[in-house]
Amino acid sequence: MITVALVGCGHIHTPGFVKRLADRSDVAVKAVWDHDAARAEEHAATLAATAVATPNHTWRDEEVMAAIICSETNLHEELVLAGTAAGKHLFVEKPLGLAAADAHKMAAAINEAGILFQTGYFQRGYATNQFLYQQIRQGHFGQITRLRLSNCHSGALGDWFTPKWLWMTDPAVAGVGAFGDLGTHALDLLLWFMDEELERVTAVLRSAIARYGRDCDEYGEGMLQFSNGTIATLAAGWVDVADPVTVQISGTEGHAVVIKGDLYFQSEHVAGADGQTAWTDLPPAWPHAFELFLDAVVGKPDVSLVTAAEAARRNVIMEALYQAAQAGQWAVIGER
């Protein structure tokens, strides 16, 4: 049994994480903190934990091995730096930072502390994405020419964020709007798939109904150019009534598309891969990214986690996409 704390309850995924924590027999939640005392008390009651007045209570408590940070993004830096100084293992909900500067600072502190780290990029664990990662590494697509990823839902259309999660629609607090919120998952997959240098990016961001004001983008498309010639596109938004095609990979020797969760795969290197019927010979899916973190903290071996450097890199590139969209031009990535 390990003891953990929930530090910040502002993220829309918090209720799901609370349920996962409550369902685990090998994890006990000792304390819950949030700047909104009522919010902390609500989740503490569910977890049979104590609502505490300050996060310092958690950092000083030697029984607490790990902290789950689900605060507003603009509070991440303060909480992460305090958590690393206290030597606590950290799950920090995505994105790690508001942008590149704070994300780099947090990643450096995490690495220096030598703690376990994880963030909420759960889509790596899908069986289809596991399979595609393996096929890319084995060269079964040949030269990948185009790669398209889409992660969209109808959150603005259905006003999912009012009233509890409205901070996520304020770029000053969240760092991004819809494109960055959902697009960071697609960006993580793209960079995980492509072990190549990213050269430059651009994007177009727009609002459709301006549910949360004109400063909050509601949808967008990004384009990314890799050094090996691959051109990738990212789609993300909160104003989509459907998002059936989530992955498309085109290469000189293979092709894949994921439609409503079903994978259609074609490659001359794999027997039976004709792209005509759904491909079902898939590896096991991973547990959710949050479960992987808890598994690592309780000591399970060979748990695959997102590194702090990877998380910071997603912030760097997302910031460049937003800057490029604002300027109406390409942004060079280089060593940002």
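Each row is one residue, and each column tells you yes or no for (1) touching a residue at least 60 places away in the same chain (Cβ under 8 Å); (2) out of contact with any helix residue (DSSP H, G or I) (no Cβ under 9 Å at 6 or more places or on another chain); (3) closer than 17 Å to LEU166 by Cβ.
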position	(1), (2), (3)
VAL7	yes, no, no
GLY10	yes, no, yes
LYS30	no, no, no
ARG39	no, no, yes
Before we move on, is LEU79 outside the structural domain of GLY155 (by TED's automatic domain parsing), surrounded by 21 or more Cβ atoms within 10 Å (Cβ to Cβ) and within 20 Å of TRP167 (Cβ to Cβ)?
yes
Quick one: which of LEU294, LEU305 is within 25 Å of GLY139 (Cα to Cα), modelled with pLDDT of 95 or more and either part of a helix (DSSP H, G or I) or of a type in the set (A, V, I, L, M) (or both)?
LEU305
Residue match in region 195-208 (condition: at positive phi and not hydrophobic (A, V, I, L, M, F, W, C))
no
Against the conditions (1) without any contact (Cβ under 8 Å) to a residue 40 or more places away in the chain; (2) of a type in the set (S, T, N, Q); (3) assigned to a helix (DSSP H, G or I), where does ASN315 fall short? Just the number, please.
(1)
Against the condition closer than 26 Å to GLN248 by Cα and part of a strand (DSSP E or B), how does ASN129 come out, does it pass?
no
Can you name the number of the only condition in (1) touching a residue at least 24 places away in the same chain (Cβ under 8 Å); (2) farther than 20 Å from ALA289 by Cβ; (3) not in a loop (DSSP other than H, G, I, E, B) that GLY139 fails?
(3)
When both residues are 6+ apart or on different chains and their Cβ atoms are under 8 Å apart, which pairs have a first residue that lies in region 228-242 and is farther than 25 Å from TYR212 by Cβ, and a second that is among the hydroxyl-bearing types (Ser, Thr, Tyr)?
GLY229/THR145; THR230/THR145; ILE231/THR145
Considering only region 21-122, give the strands (runs of 3 or more DSSP E) lying wholly within it that have at least 3 residues that are under 25 Å from GLY183 (Cβ atoms).
89-92
Of all residues in region 62-75, which are crowded, with 17+ Cβ neighbours inside 10 Å and among the charged types (D, E, K, R)?
GLU72
Residue among THR46, THR54 that is surrounded by fewer than 13 Cβ atoms within 10 Å (Cβ to Cβ), of a type outside the set (Asp, Glu) and closer than 17 Å to GLY8 by Cβ
THR54
Within region 9-41, which residues are small (Gly, Ala, Ser) and more than 19 Å from HIS288 (Cβ to Cβ)?
GLY10, ALA28, ALA31, ALA37, ALA38, ALA40
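The values are calculated or read from the model by the stated rules, or taken from the named source; none is laboratory data. As the structure is a computational prediction, the values presented were derived from the model and not from experiment. FYI the Cβ positions are ideal-geometry reconstructions off the backbone, even for glycines, and counts take in every protein chain you see.
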